[in-house]
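Have a look at the structure below, then the notes.
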Amino acid sequence: MLATETAPPMPIHTILGIESSCDDTAAAILRGNAGRAEILSSVVMGQTALHADFGGVVPEIAARAHAEKLDHCIEQALVDAGTTLAEIDAVAVTSGPGLIGGVVSGVMCAKGIAMARGIPLYGINHLAGHALTPRLTDGVAFPYLMLLVSGGHCQFLVVAGPDEFRRLGGTIDDAPGEAFDKVARLISLSQPGGPAIEARASAGDPDRFRLPRPLLDRAGCDMSFSGLKTAVLRQRDKVLQDGALTARDQADLAAGFQAAVVNVLTEKTRRALAEYLALSPAQPTLCVAGGVAANMAIRASLEKAAEDVGADFIAPPLRLCTDNAAMIAYAAFEQMNHRDADGMDLSARPRWPLDRSSPTMLGSGKKGAKA
Ligand code: KG4
Ligand code: ZN
């Protein structure tokens, strides 16, 4: 380029994001300009009430609700952003992993809009959306270590680029949020179980019941939470042999369970940090995302683990830690400079590991297949 020439202006992108892989129908409008992105709107329509009677997310009910709500959700996001479909110049949609009926609803809706408007379509991995969020909220530079910890996911990822992820380990069965929800049900607390257990645990004695710390004796960063839940069930049944569960029993079981989760997550995070720092000593950053990161005991303990090795600790605001569509639009914004848009043959994928070199996890949680 001649010195007198000015560089062409970076294109401004207005991206519609769509998320429907679990039990939240979400749409968002993101404005991206010269490497910076601003959320113009983010609408999340939950389905908690629809699944309340069933003790978990019912895939068929979720898929139908997504199909019914997507249009309204997108309309609301456009109104909130003060824009119209005519001004959108790309569509980003979660195309996996997740409950397949919901993912299909989102992908079909996105294809319709992209085709009608003749604009590019980007299929986004839901986990990439979570993993890239600290860049949207805090401008964190690559690489960083991410602990994704929610009702459906639990894994350590080294995030090295918009589509460059290395999985260091994760749960081999339940996600921690799933365990919080199940344990809350076992001890007659309300749903979602995480906040209910956290509140009750504050008055409890974490040492009254002996609960296991699964997989701490095994090297590496893999975790397991299913046995812990069964151990709580056994302790509860012992208490029930002597009469009803009292408020004190509930508090002590909640405190014991939470302490075990804190312990396992923290110890495994220390190991993941050590592995990560050996790979990237110059960028000591630990990020967390997911609903479980709302737990103050967990958050404080993870922050301490980061501090102990001189790493920064970043936790995006909760509304962007949990499922939302702004993160899907943002992942497309990050990826559009690195890859082509997807075609109308974009398919919905129930399983889609972010790290293509790591083996696919077996099993399926209440919120869909493990990635
Ligand atoms: O990320 P999220 O909103 O949805 C997905 O799982 O995709 O996470 C929801 C999960 C639920 O299982 C809920 O019990 C858990 O996060 N959670 C908590 C807390 N708040 C929400 N777990 C522990 N402590 C909390 N304060
Ligand atoms: Zn999620």
Lone unmet requirement of (1) of a type in the set (Gly, Ala, Ser); (2) more than 17 Å from the chain's Cα centre (by Cα); (3) more than 15 Å from ligand 1 (Cβ to nearest atom) for Ala62: (3)
Exactly one of (1) away from ligand 2 (no atom under 16 Å from the Cβ); (2) crowded, with 19+ Cβ neighbours inside 10 Å is unmet by Asp205. Its number? (2)
Among the residues of the stretch 151-158, is any in contact with a strand residue (DSSP E or B) (Cβ under 7 Å, 6 or more places away or on another chain) and more than 16 Å from ligand 2 (Cβ to nearest atom)? yes
Quick check on this structure: which one of Leu132, Leu145, Leu186, Leu136 is modelled with pLDDT of 95 or more and either more than 30 Å from Leu30 (Cα to Cα) or in contact with a Lys or Arg (Cβ under 6 Å, 6 or more places away or on another chain) (or both)? Leu186
Scanning the stretch 151-187 for residues that are basic (Lys, Arg) and within 28 Å of Glu198 (Cα to Cα), the one nearest to ligand 1 (Cβ to nearest atom) turns out to be Lys182
Hits in the stretch 105-135 - residues which are within 16 Å of ligand 1 (Cβ to nearest atom), in contact with a strand residue (DSSP E or B) (Cβ under 6 Å, 6 or more places away or on another chain) and assigned to a helix (DSSP H, G or I): Gly106, His126, His130, Ala131, Thr133, Pro134
Going through Thr48, Thr25, Thr14, Thr6 one at a time, which residue ends up being surrounded by 11 or more Cβ atoms within 10 Å (Cβ to Cβ) and at pLDDT below 80? Thr48
Pick from the stretch 171-202 the residues that are surrounded by fewer than 23 Cβ atoms within 10 Å (Cβ to Cβ) and outside any helix (DSSP H, G or I): which of them is nearest to ligand 2 (Cβ to nearest atom)? Pro192
If I filter the stretch 257-270 for residues that are in the same structural domain as Gly177 (by TED's automatic domain parsing), in a helix (DSSP H, G or I) and either within 16 Å of ligand 2 (Cβ to nearest atom) or in contact with a His (Cβ under 7 Å, 6 or more places away or on another chain) (or both), do I get at least one hit? no
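The values are calculated or read from the model by the stated rules, or taken from the named source; none is laboratory data. Computed from a predicted structure; not experimentally measured. Please note: Cβ atoms are built from the backbone with ideal geometry, for glycine as well, and neighbour counts cover all protein chains shown.
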